[in-house]
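Chemist: This is the structure I have questions about; it appears just below.
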Amino acid sequence: MSGSIPASPSVEAIGPAAAAPRAAGLSPTADAWRRFRKHRLAVVSLFVLGVIVFAVLIGPLIWRVPIDAIDFSAMLQGPSLAHPCGTDALGQDLLARLMYGGKISLAVGVAAMLVAVIVGTLIGAISGMASGRLDAAVMWVTDMFLALPQLPLLLLLIYLFRPALQRMLGEQGGIFVLIVTVIGGLRWMPLARLIRAQFLSLREKEFVEAARALGASKLRLVIRHIMPNAMGPAIVAATIEVANAIIAESTLSFLGVGFPPDVPSWGRMLYDSQDYLQIAPHWALFPGSAIFLAVLSINFIGDGLRDALDPRRVI
Amino acid sequence: MSRSYLLRRVLLAIPGLLAISVILYTILALAPGDPLGEIATNPNVPPAVQLALRAKLGLDDPIWQRYLHWLVAMAQGDWGFSFTSQESVSRLIMQRLPVSLALFGTSEVLAVLVAVPVGVLAAVRPYSWLDQIANTVGLIGFSLPTFFTGLVLILVFSVKLNWFPFVFESNVQATGLAWWWIEFKQSIMPIAVIGLFQGASLVRYVRSSMLDVIRLDYVTTARSKGIGARRVLMRHVVRNGLIPVVTLVAVQLPQIFGATIITEQIFRVPGIGSLLIASILADDIPVVMAVTFVYACLVVLLNLLADLLYVWLDPRIALR
């Protein structure tokens, strides 16, 4: 808040005085891990996410039911031994489809995060190093992008560009590239602002000034001195961006404009299950819970990383 | 608030809107595919007719000229006609906009009613069990995708318990209290889905904003004067701590509109969100463009409102 000075130090006091001395003999990574472990839910979440990733990558090798084996004698069945997660309206095995869908959802999440991080870091760094007009212009564009209605634009972009990209890159590849680019391309703004804010404060710090005085070039300043110190908050933001991208992809598929029906991403499964909610609730509950668990565990991990990577916080 | 500031802030919103319209138009112009659509590929339409059509519609003009035409038409309220329903786009939107705004408004009120008390209580005793529960529940609520909560609510309250209808009825045949009762019953689930999602993401912000204020000197002074804890909290802390929340709500608007679109779609609420999805699935580009632009305008306008409210609430902000 502008004009207010936090005077009496109390809970959560922030400032150099409160800096926690790193436990002796620990490298920064080991110290971060020590702090991360204090966040119990984050550790649990790391385990849950690990299980999800493991199931998605190794699961299909163990559970060898094909995702598109149609069996009309086993339509809309609830969980049983033959089909641990039940079946859908075509009698296809939901467990196999869940594992396949998870691979897509997680891949989209990570890839879209990478796009957002690369674009956001680049723009934030440029804006943070340049001052004056360029900075103002870049920030104006960023703010404008922030005011764009995300979901309608996502829908519009995917609707308009899907046919062309599918012709170029194939049915699945086209939609994957499109979804990743569009989600990443509309989510870089928070990261750009974060990186810029970090740069603005870091570039005035003494150690940067010292490096500058020793004749370090601007590029070296950024790469060797400023960037490593700006990484902490960026990593936290990037983690949460994965969760956001997973939700965005599921939303698109849920609205029927994401992946085609033969690619059972979690959102697509929910979309297909809607009409059978009354007779086959398990069909909606399994993919929905999968999205929820993945997103929740990633968000908790981000929360834990925030504690772990903020050296000002005493834990 | 000085009148010149008000005027200037309103004028500043215009370049933003223009820029958004440029982005929208560029996307449309860059998109592959012929705007004439089927006519361009139909062999029964002779090339001469096609050329004449193109010339008449101005499709061969340079892009900036087409953009200006489009902008002028939009500004004059001529939003074209829907491909599917043969109705004017502006009428379609005007019919449905009130429903969407009512849904958005009530769920926003619900969100604030949930988030503020919880956030304040969490900030009063930081790191207490209450604070930890509020934090955890907030994170859970905000990790639950709205489409999933919507489906689960339908499953529990419509399918299993049969308390609420799961398809929204737009023409309720009742008057007086009965009408209100039916409206209440059918709106409660969509409002709850959006309101709780938004409330969950607000709790943390309210908490940290309150914590910023609680440790200020003037709060200590108030306490040391012997004012009761409750009174200090309500009169001194909450009133100031809530000011930044106004901005936060404004910043989250694009996300909230996303949630309302999904919720309208799930519960078949006849608002502009479900109109958008229906139009996309039916290849109805004029409606899609118009609805997207309406959402963009709403974001810009509400942001403007939040800015003005902020200045009004916090006189420390210097007006230049």
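Chemist: Just to be sure I understand: if I project the alpha-carbon convex hull of chain B onto a plane and average over all orientations, what area do I get in nm²?
Modeler: 23.3 nm²
Chemist: Report the FRET efficiency, 1/(1 + (r/R0)^6), for residue B:308 and residue B:178, where r is their Cβ-Cβ distance and R0 is 30 Å, rounded to 0.05.
Modeler: Given R0 = 30 Å and the Cβ-Cβ separation, E is 0.15.
Chemist: What is the angle, in °, between the Cα long axis of helix A:171-185 and the longest principal axis of the Cα atoms in chain A? Nearest 10 is fine, range 0 to 90.
Modeler: Compared with the principal axis, the helix lies near 30 degrees.
Chemist: For helix A:189-202, what angle does its Cα long axis make with the longest principal axis of chain A, in degrees from 0 to 90 and rounded to 10?
Modeler: Compared with the principal axis, the helix lies near 20 degrees.
Chemist: While we're on this one: Could you give the distance between the Cα centres of the range B:67-142 and the range A:184-224, to the whole Å?
Modeler: 35 Å
Chemist: Near the amide H of residue A:93, under 5 Å away, which other amide H atoms are found, from residues 5 or more places off or on another chain, if H is placed in the peptide plane?
Modeler: Under 5 Å from the amide H of residue A:93 lie the amide H atoms of A:69, each far enough along the sequence or on another chain.
Chemist: Based on the Cα gyration tensor of the range B:198-281, what are the three equivalent ellipsoid semi-axes, each the root of five times an eigenvalue, rounded to whole Å and given largest first?
Modeler: 42, 11, 8
Chemist: Over the C-alpha atoms of the range B:244-287, what are the Rg and the largest Cα-to-Cα span, Dmax, in Å?
Modeler: Using the Cα atoms of the range B:244-287, the pair Rg, Dmax is 12.9, 42 Å.
Chemist: If you don't mind, there's one more thing I want to ask. Excluding residues on the same chain fewer than 8 positions from residue B:160, give the aspartates and glutamates whose Cα lies under 16 Å from its Cα.
Modeler: Excluding near neighbours in sequence, the set is A:275.
Chemist: In terms of Cα to Cα distance under 29 Å, which lysines are near enough to residue A:205, apart from those fewer than 8 places away along the same chain?
Modeler: Here the lysines satisfying the reach criterion relative to residue A:205 are A:218.
Chemist: Return the long-range amide H neighbours of residue B:81 (sequence gap of 5 or more, or a different chain), with a cut-off of under 5 Å between placed amide H atoms.
Modeler: Residues meeting the amide H criterion: B:89.
Chemist: What value in Å³ per residue do you get for the convex hull of the alpha-carbon atoms in the range A:232-315?
Modeler: 88 Å³
Chemist: To the nearest 10 degrees, how steeply does helix B:47-57 sit against the main Cα axis of chain B, on a 0 to 90 scale?
Modeler: It is inclined by approximately 40 degrees.
Chemist: Now, a different point. With each run of n ≥ 4 DSSP H residues scored as -39500 (n - 2.57), what mean residue ellipticity at 222 nm is computed for chain A after dividing by its residue count and rounding to the nearest 500 deg cm²/dmol?
Modeler: One gets -22500 deg cm²/dmol as the mean residue ellipticity at 222 nm.
Chemist: Now for a different question. Which trypsin sites (Lys or Arg not before Pro) in the range B:162-227 sit in a loop by DSSP (not H, G, I, E or B) and have at most 15 other Cβ atoms within 10 Å of their own Cβ?
Modeler: B:225
Chemist: Once you keep just the Cα pairs under 8 angstrom separated by 6 or more residues, what percentage relative contact order results for chain B?
Modeler: 26 percent
Chemist: Still on this structure, I have one more. Calculate the translational D of the protein assembly as shown in whole µm² s⁻¹ from Stokes-Einstein, where the hydrodynamic radius comes from the Kirkwood formula applied to all Cα pairs, the temperature is 4 °C and the viscosity 1.567 mPa s.
Modeler: Rounded, D is 48 µm²/s.
Computed from the coordinates by the stated procedures, all read-outs in this text should not be read as laboratory data. Please read these numbers as outputs of a predicted model, since none were measured by experiment. Reconstructed Cβ throughout: ideal geometry from the backbone, glycine too, with neighbour counts over all protein chains shown.
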